[in-house]
Amino acid sequence: MQQQNIWTKLIRVDRRILYLILFLNIAVFLMFPFKMPATITSPARGLYDAVDSLQPNDLVMISSNWSASTMAENQPQLEAIIKHLIRKGARFTLVSNEAQSRDLSKRIAVGVTQSSDNAEYHTYGQKWAHLGFVTDLIAAIRGMGSNLSEAVKQDVEGTPIDQLPVLQGAKSLKDYKMVIDVTPSGTLPYWISYRPPNLIVGYAPTSVMAAEGFTYLDSKQLVGMITGLKGAHEYEQLMGETGLGHKFINAISFSHVLILLFIGLGNLAMIMARRAQGEA
Amino acid sequence: MEWLNDFLPLSLERMGIWIGAICTVALYSILYRENPAYRLFEHLFIGLAAGYSLGPLVGDILYKYWYLPLTEGAWWWAFAVPFGMWLYFIYSEKYGWVSRIVIGVLIGASAGLFFQQFCSLYVPQIYASFKPIIPTGANEGLLASNAINNFIFIVVLLSVLTYFLFSFEQRGPVKRTAVLGRWMLMIALGAIFGNTLMARMALLVGRVYYLLHDWLMQI
């Protein structure tokens, strides 16, 4: 009878207590961090290697299409990628298919470039620029593929595209080496379909969207992928950097352990309660 | 005391952080129970997001791609607005046919674009699904582990495709293959759900980090 009561109580535990335990678990692992090595997956290695093989002044397009709701996953990814591009001395431009991302991604790029040791990146427009917001990504990609300054007339600050030092010598997307799509939505197929063939594609999706990327990885339509926050953590580890991915990963990992524990306990409690009921 | 001075919303930056923290706590209050604060901030969020989108739409799209060319001599852009507005004839019983002209143009353009998209996306994937499972002269370097992986891939691919054969009744070996395909789909969906959980946890971690780091300044 005693055993039956324990299991029944466990089944009926108020879900708010579970939320509180989860919150405390996350808070503890954020407040007391420790270094946990990441297993580097081959898609993350693929993206890292592709960026690492860039030459100084190669042009990279970052398609940043996320909003505040997925900031926790997309911000660490974007920061890690920009840091790597700066380290390689590559030029980069950002473009956003999401209104909020225009300002969020610019703010992040300003933060990362300003804190970099490379002074070339401190002046906006010199080694990097933001091309602003585009509503129709298909039209934008096709337009940029034929004539960049016709398709994107001005950057986010209102400077005509052909007056930006970062884009000197670049007439269209054909002059870029790589595009990296940082996104929580289904924008990847547009880049794969409508980009110039010489442009290689990297992918930084939220974890929810990552499953979609594996088919493109398998067919070599993608050079690599970093999956959500875990991917950002792997990327930081490959670069030897400590960023947001490192700060968040323990809290994520141990919240997964906690949820597995909850599921296990919940199922055990249900089985035991049913067994006890059967015996009674 | 120094912490308290930094913590209080005494500067514009701190006020912004306080507003962010209040919004976060109010939206998570739904986890305790349904309450008016949650409803208020939910509507605020939706309204703000919709209003915010309007700014870039006017500044980055209408101004840059419509108004500027128009004022620089591309007068034909003036026809874009009335042509687009023909869509609203859909509400008229008598002139509804006018809207179909715009809809027809949109469907035609989309169909053409998606035909290109279909070919660019799926042809390389079909090509990539032809994987070697037996070492021959053409693939001498095929490792046993790769051959096993490729074999599993082909079994899964064929069984899942069989599951989607709905044109005739599935019997015997076809049915058994389809059942295997269904199991494979379930496993894949489970893996996708695992990723979904990771994404949701990341969002929660991001918000808790904001509260502890930006607002309470404890990290």
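Summing Cβ point charges (Lys, Arg +1; Asp, Glu -1) relative to the Cα centre of region A:42-242 gives a dipole of roughly 300 debye. With all pairs of separate Cα atoms included, the protein assembly as shown yields a Kirkwood hydrodynamic radius of 26.2 Å. Treating r as the C-beta distance of B:L106 and A:I263 and R0 as 51 Å, the FRET efficiency rounds to 0.65.
In this structure, A:D52 and A:I11 have a Cβ-Cβ separation that, at R0 = 45 Å, corresponds to a calculated FRET efficiency of about 0.30. As a calculated quantity, the FRET efficiency between A:T41 and A:E279 at R0 = 45 Å, using C-beta atoms, amounts to about 0.40. Which of the listed residues, A:A50, A:T206, A:G111, is farthest toward the dipole's positive end in region A:42-242, when Lys, Arg count +1 and Asp, Glu count -1 at the beta-carbon? Comparing the listed Cα positions along the dipole, A:A50 ranks first. Across A:L222, A:L260, A:L188, mean-square fluctuation computed from a Gaussian network of chain A (C-alpha pairs under 10 Å connected) peaks at A:L260. For chain A, the mean residue ellipticity at 222 nm estimated from helices alone is -17500 deg cm²/dmol, where every DSSP H run of n ≥ 4 contributes -39500 (n - 2.57) and the total is divided by all residues, rounded to the nearest 500. Of the peptides A:122-134, A:14-26, the ranking by mean beta-carbon count within 10 Å, highest at the top, reads A:122-134, A:14-26. Of the three principal axes defined by the Cα atoms of region B:143-219, the extents in descending order read 65, 37, 14 Å. Remark on A:D181: its backbone amide H falls under 5 Å from those of A:S63, A:G202, A:Y203, A:A204, a criterion applied only to residues 5 or more positions apart or on other chains, H modelled at 1.01 Å from N. Region B:102-161 and region A:4-32 have Cα centres separated by 45 Å. Taking springs between alpha-carbon atoms closer than 10 angstrom, which of B:S11, B:S99, B:S167 fluctuates most in the Gaussian network model of chain B? Most flexible of the set in this elastic network: B:S167.
The modelled label-to-label distance for the pair B:F193/A:R107, using points 7 Å beyond Cα in the direction of Cβ, is 3.6 nm.
Mind checking region B:53-100 for trypsin sites (Lys or Arg not before Pro) that DSSP puts in a loop (not H, G, I, E or B) and that have at most 14 other Cβ atoms within 10 Å?
The qualifying sites are B:K94.
If each Cα of region A:4-99 is one equal point scatterer, what is log10 of I(q)/I(0) from the Debye formula at q = 0.17, 0.21 Å⁻¹? Those come out to -0.96, -1.15, one per q. Among beta bridges identified by DSSP and lying wholly in the protein assembly as shown, the antiparallel ones come to about 5 percent. Here the simple spin-label model places points 7 Å from the Cα toward Cβ, and for B:E13 and A:N118 these points are separated by 2.6 nm. Summary: within chain B, the longest segment free of GluC sites (Glu not before Pro) located in DSSP loops with at most 10 other C-beta atoms within 10 Å is B:170-219.
Secondary-structure-derived ellipticity at 222 nm for chain B, considering helices only, amounts to -22500 deg cm²/dmol, per-run term -39500 (n - 2.57) for DSSP H runs with n ≥ 4.
The magnitude of the dipole of region A:102-194, with charges of +1 and -1 set on the Cβ of Lys/Arg and Asp/Glu and taken from the Cα centre, is near 140 debye. In terms of overall dimensions, chain B has a Cα radius of gyration and Dmax of 28.6, 78 angstrom.
For the residues of A:202-212, the average number of beta carbons from a partner chain within 10 Å of their own beta carbon is 4. Counting Cβ atoms of other protein chains within 10 Å of each residue's Cβ and taking the mean over peptide A:156-162 gives 1. Roughly what angle does helix A:71-88 make with the longest principal axis of chain A, taking Cα atoms, 0 to 90 degrees, to the nearest 10? For A:71-88 against chain A, the angle is about 40 degrees. Here the relative contact order of region A:1-125, from alpha carbon pairs under 8 Å that lie six or more residues apart, stands at 23 percent. Count charges around A:K127 for me, please; just the other residues with Cβ under 9 Å from its Cβ, Lys/Arg as +1, Asp/Glu as -1. Charge balance in the 9 Å sphere: 0. Taking Cα centre as origin and charging only the Cβ of basic (Lys, Arg, +1) and acidic (Asp, Glu, -1) residues, the dipole magnitude of chain B rounds to 940 debye.
Using alpha carbon centroids, what distance separates region A:50-77 and region B:16-32, in Å? After rounding, the separation between the Cα centres reads 29 Å.
Any read-out appearing in this document is the output of simple, stated calculations on the displayed coordinates, not a laboratory observation. Model, not experiment: these values are computed from the prediction. Cβ coordinates were reconstructed from backbone atoms using ideal geometry, including for glycine residues, and neighbour counts include every protein chain displayed.
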